[in-house]
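Comments concern the structure below.
The values are calculated or read from the model by the stated rules, or taken from the named source; none is laboratory data. Predicted, not measured: the structure shown is a model, and the values here were computed from it. Neighbour counts run over all protein chains shown; Cβ positions are idealised from the backbone, glycine included.
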Amino acid sequence: MTRDPLDVDVQPVAPDSAEAGLVLDAYFRDIMSRHHGRRATRHEVDAAMNAEPSGDLCPPRGLFLVARHGGAIIGCAGLRLVAAGTGEVTRVFVIPEARRRGVGQRLLEAVEAAAREQEVTRLRLDTGRHLNEARRLYARNGYREVPPFNEGRLADQWLEKSLS
C-alpha cells in the first residue's frame, strides 16, 4: 500500500559530515540487520562501514545526497564515478517510517540527473535479494540484471541502466 508522497528536499552533503554519518549509520544498521535476520550489533555496523567506506562519494569522484523532510534527514543515495561514462549507484536508503512515500524515487532521480551532468551513460548497482523495496524501485526505473561486476560482500544481484 502506497501512502501519500512526502515533500522532500534532496541536496548534496559531504560524506564525512555529521549529518551524513548519522544516515550512513542507519543505512548500514538496516542492511546488516536484514542480512543477519536480526538487529545488527554496533561492532557489525562499524565493521561494515569500515569495509565499505563512503569517503569517495564527493567531487570529483562522486556525490552523496540526503533527503530531508521538515528539516530531518530521512534518506540518502550516492553516486560513484567508476570509469569514463560509467557510474555506480550506492547507499540508497530511506528510513522505514518514510518508505513507500516516493522518497527513494526522488533520490534515484537526483542521482540519475547528477550522473547525466557528469556525462555518465551507464549506471550500475549491486543489491541483495532480501532488499525487496530497493529491487522494486530499480525495476520500475529500468534497471536490468547483469552479470556480477564486483565482489560485493552482501550483494547477490547486479543491475544496470543505460542513460543514453
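Go through the residues of region 119-136 one by one and say whether even a single one is in a helix (DSSP H, G or I), over 18 Å from residue 62 (Cα atoms), aliphatic (A, V, I, L, M) and touching a helix residue (DSSP H, G or I) at 6+ places or on another chain (Cβ under 6 Å). No, there is no match, as no residue in region 119-136 is in a helix (DSSP H, G or I), over 18 Å from residue 62 (Cα atoms), aliphatic (A, V, I, L, M) and touching a helix residue (DSSP H, G or I) at 6+ places or on another chain (Cβ under 6 Å).
You will find that of 36, 43, the residue that is surrounded by fewer than 13 Cβ atoms within 10 Å (Cβ to Cβ), at pLDDT 95 or above and either farther than 22 Å from residue 155 by Cα or not charged (D, E, K, R) (or both) is 43 and no other.
If a residue must be touching a strand residue (DSSP E or B) at 6+ places or on another chain (Cβ under 6 Å) and either over 20 Å from residue 54 (Cβ atoms) or surrounded by 18 or more Cβ atoms within 10 Å (Cβ to Cβ) (or both), how many such residues does region 86-105 contain? Of the residues in that region, 12 qualify. A search for C-beta distances below 7 Å between a residue of region 114-131 that is among the small types (Gly, Ala, Ser) and any residue that is modelled with pLDDT of 95 or more and part of a loop (DSSP other than H, G, I, E, B), counting only pairs 6+ apart in sequence or on different chains, returns 115/163. Of the residues examined, residue 156 is not one that is under 24 Å from residue 52 (Cα atoms) and surrounded by 19 or more Cβ atoms within 10 Å (Cβ to Cβ).
For the residues 8, 89, 23, the requirement of being within 22 Å of residue 135 (Cα to Cα), of a type in the set (A, V, I, L, M) and in contact with a His (Cβ under 9 Å, 6 or more places away or on another chain) singles out 8.
Does residue 80 fit the bill of being in contact with a strand residue (DSSP E or B) (Cβ under 8 Å, 6 or more places away or on another chain), assigned to a strand (DSSP E or B) and either touching a residue at least 12 places away in the same chain (Cβ under 8 Å) or among the basic types (Lys, Arg) (or both)? So residue 80 passes the test. Which ones in region 96-111 are more than 12 Å from the chain's Cα centre (by Cα) and within 23 Å of residue 155 (Cα to Cα)? 96, 99, 100 - these are the residues of region 96-111 that are more than 12 Å from the chain's Cα centre (by Cα) and within 23 Å of residue 155 (Cα to Cα). Residues that are more than 21 Å from residue 108 (Cβ to Cβ) and outside any helix (DSSP H, G or I) do occur in region 40-48.
Residue 74 meets the conditions (1) in contact (Cβ under 8 Å) with a residue 60 or more places away in the chain; (2) aliphatic (A, V, I, L, M); (3) part of a helix (DSSP H, G or I); (4) closer than 23 Å to residue 4 by Cβ in every case but one. The failed one is (3).
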